[in-house]
Amino acid sequence: MAEDGIDGRDQRREDGGGPLGSATALRSDRCGTLTAADIDRQVTLCGWVARRREHGEKLAFVDLRDHTGVVQCVIRTGPWTVDQRDDSDDGQFSEAPDVRTEFVIRVAGTVRRRRQGTTNPDLATGEVEIVDCTVEVLSTAETSPFPIDERGPATDETLRLKHRYVDLRRDRMQRNLRLRARVNSAIRGAMADQGFLEVETPMLMASTPEGARDFLVPSRLRPGSFYALPQSPQLFKQLSMVGGIDRYYQIARCMRDEDLRADRQLEFTQLDAEMSFGSQEDVLQAIGYAVRAAASAAGHDLGEIERLTWQQAQERFGSDKPDVRFGMELIELTPLFAATGFNAFKAPSVKAIAVAGGASLGRGRTDALTDLAKSFGAKGLAWLKRSAADGALEGPILKFLSEEERVGLPGEAGDLLLFVADERPLVNKVLGLLRLELGRPPVNEGGLHAVWVVDFPLFDGIDDAGRPMSAHHPFTMPHEADLDGMEDHPLKVHSQAYDLVLNGWELGSGSVRIHRRDIQQRVFRMLGIGLAEAEQKFGFLLDAFRYGAPPHAGFAFGIDRLVALLAGEENIREVIAFPKTQSGTDPLTGAPAPVAARDLELYGLRPLPPPT
Ligand code: ASP
């Protein structure tokens, strides 16, 4: 299979088996790859001093580290004696170089089997060491701002980011970035396999509507005018379909000025794709193939990707990004309580979740869950427990329930039942969030479970001016069947939009696009985007549609998120070489930084006086 081919090739490249191998002018081998098969070979290695341990008066064990790992070198630390003199030394006696932690050195020596009892089974190179070493210091180093050895206490993240070049030497970062490169390469291979063409789109452009704020770049040549950085290449990939590219992809950088979270950065990378003459099904197949190839490059088999409609996802998991690694699905109880005498359950919807083993939770915890449910918007949270011994129901609300209601309740011995009664969307949302709070496994547990969520609504609410709001972006095609009279019941219109969800993270989204000018204009009108505004903002796209636009559909998924999940990292910053902090700053370069007033004038800008 192509995916295996891609993997195998990348692995060989990482092992130095590519056409250029791993030897360079300064080294013959890499530190972490030496094994018993290399015994008696003369090697030259380059790297950083990871650790130094004294061994008697004149010898030290130096662990030499490069990106492949560590090897032990036995290095002379005292003065050379006559017979150990280096011939190139012009007969002078030389001192052994001073070798300290994080110095960059070059070591030439012989690979030897370690003496019995000194082998280290935890180390890939643990059977061997380098002896008879000649050492050259290539670069000295001041004391590191934090220990590179990850076995110590966790280092503050701002300090790590300030000295990211030191942090990148750590195993974890090396592993993550190499995994990321493999994933990118697998994605490229998978897209090329399917006939997608890699096309670069501009970074300096007009605004793209993805629902976030734009980053603006002032133009020096047109003072007072601005470029926007792309929130995505959405408009250009659609234009490239009109341009007959047929299948486009790009590993694209996107910039969105929005609030940051653990799974969000101001700039991020996504696989962006678009195809002509294709249906939703074609896109799901093509993207599924690429995601499976990416997972397989990381050693995971993603298997078939399950499908849920948006409605099913809401009803069963209370979320449009369901984490299907665990059960605890929402249980429908509305019919059971249709004629209830219990006031709190007299509501349009009543649903529950059953928390296995939750009957042992104390009053403090159930009170805390009630507060949490309220913070999610619920009026309250009702609960019952099933005794661990015989499953009998217990709890303060039991006395309000009829015999029939009690008999109809779900759950097993030892469960805690949590109930929410309200309008349906709120019930789903609150129980969905409680489900995550109580059941969600850590990111690196429970395997990888991807789901396609399909049939999203076209609009996900009505704004203060009474206008529907796009659930995706305004170029998303409604279901053909919902086109008739869609203006009269906007919230009932389904769209041909779909999301890919992995372990409860929204990995990406896409849609079949509107390629007809008349439908596009109807949707703009519903969104309150008038003809003049549409013309001003997206006139070029609407114009393009006049000149023969093929039906097209596309998708984009976040590579930072995907790699984080494949690497088992909670935070995408761990898989980005030079990320920004949670507050959008870069402690390494000091960005963002003020600009001198005279420089701003070049762009026709003048700073406002500071707020008083
Ligand atoms: N442009 C969308 C995004 O970046 C994806 C798509 O609809 O293709 O989220």
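Taking the criterion of being more than 30 Å from Arg182 (Cβ to Cβ) and crowded, with 19+ Cβ neighbours inside 10 Å, the residues of region 298-314 that qualify are Trp310, Ala313, Gln314.
Do we have Gly362 as touching a Lys or Arg at 6+ places or on another chain (Cβ under 8 Å) and surrounded by fewer than 21 Cβ atoms within 10 Å (Cβ to Cβ) here? Considered against the rule, which asks whether it is touching a Lys or Arg at 6+ places or on another chain (Cβ under 8 Å) and surrounded by fewer than 21 Cβ atoms within 10 Å (Cβ to Cβ), Gly362 comes out as no. Does Leu417 satisfy the condition of being buried (at least 18 other Cβ atoms within 10 Å of the Cβ) and either out of contact with any strand residue (DSSP E or B) (no Cβ under 9 Å at 6 or more places or on another chain) or not aliphatic (A, V, I, L, M) (or both)? Criteria not met by Leu417.
Checked against the criterion of being at pLDDT 90 or above, loosely packed, with under 15 Cβ neighbours inside 10 Å and closer than 30 Å to Ala298 by Cβ, the candidates Gly558, Gly548, Gly447 yield just one match: Gly447.
When region 133-146 is filtered for residues that are out of contact with any helix residue (DSSP H, G or I) (no Cβ under 9 Å at 6 or more places or on another chain) and exposed (fewer than 15 other Cβ atoms within 10 Å of the Cβ), the ones remaining, listed by number, are Glu136, Leu138, Ser139, Thr140, Ala141, Glu142, Thr143.
Among residues that are in contact (Cβ under 8 Å) with a residue 12 or more places away in the chain and of a type outside the set (A, V, I, L, M), Asp422 is included.
The set of residues from region 369-391 being loosely packed, with under 12 Cβ neighbours inside 10 Å and without any contact (Cβ under 8 Å) to a residue 12 or more places away in the chain comprises Asp371, Ser375. Quick check on region 182-190. Is at least one of its residues in contact (Cβ under 8 Å) with a residue 12 or more places away in the chain and over 24 Å from Pro579 (Cα atoms)? Yes: region 182-190 contains one or more residues that are in contact (Cβ under 8 Å) with a residue 12 or more places away in the chain and over 24 Å from Pro579 (Cα atoms). Within region 460-467, not a single residue is within 16 Å of the ligand (Cβ to nearest atom), part of a strand (DSSP E or B) and surrounded by 18 or more Cβ atoms within 10 Å (Cβ to Cβ). Scanning region 504-553 for residues that are in contact with a strand residue (DSSP E or B) (Cβ under 8 Å, 6 or more places away or on another chain) and over 18 Å from His472 (Cβ atoms) yields one hit, Pro550. Within region 38-82, the set of residues being small (Gly, Ala, Ser) and closer than 30 Å to Leu168 by Cα comprises Gly47, Ala50, Ala60, Gly69. Scan region 28-58 for residues that are under 19 Å from Leu138 (Cβ atoms) and free of Cβ contacts under 8 Å to residues at least 24 places away in the same chain and the total you get is 2. Every listed requirement among (1) of a type in the set (A, V, I, L, M, F, W, C); (2) out of contact with any helix residue (DSSP H, G or I) (no Cβ under 9 Å at 6 or more places or on another chain); (3) closer than 25 Å to Asn571 by Cα is met by Leu216 save one, (3).
Find all pairs meeting these conditions: Cβ atoms under 6 angstrom apart; at least six residues apart or on different chains; first residue within region 537-565 and touching a residue at least 24 places away in the same chain (Cβ under 8 Å) and farther than 26 Å from Glu506 by Cα; second residue among the small types (Gly, Ala, Ser) and within 16 Å of the ligand (Cβ to nearest atom). These pairs meet every condition: Pro550/Ser276.
The values are calculated or read from the model by the stated rules, or taken from the named source; none is laboratory data. Note that the structure is a prediction, hence the values are computed from the model and not measured. A quick note on method: Cβ atoms are made from the backbone with ideal geometry, for glycine too, and the neighbour counts reach across all protein chains shown.
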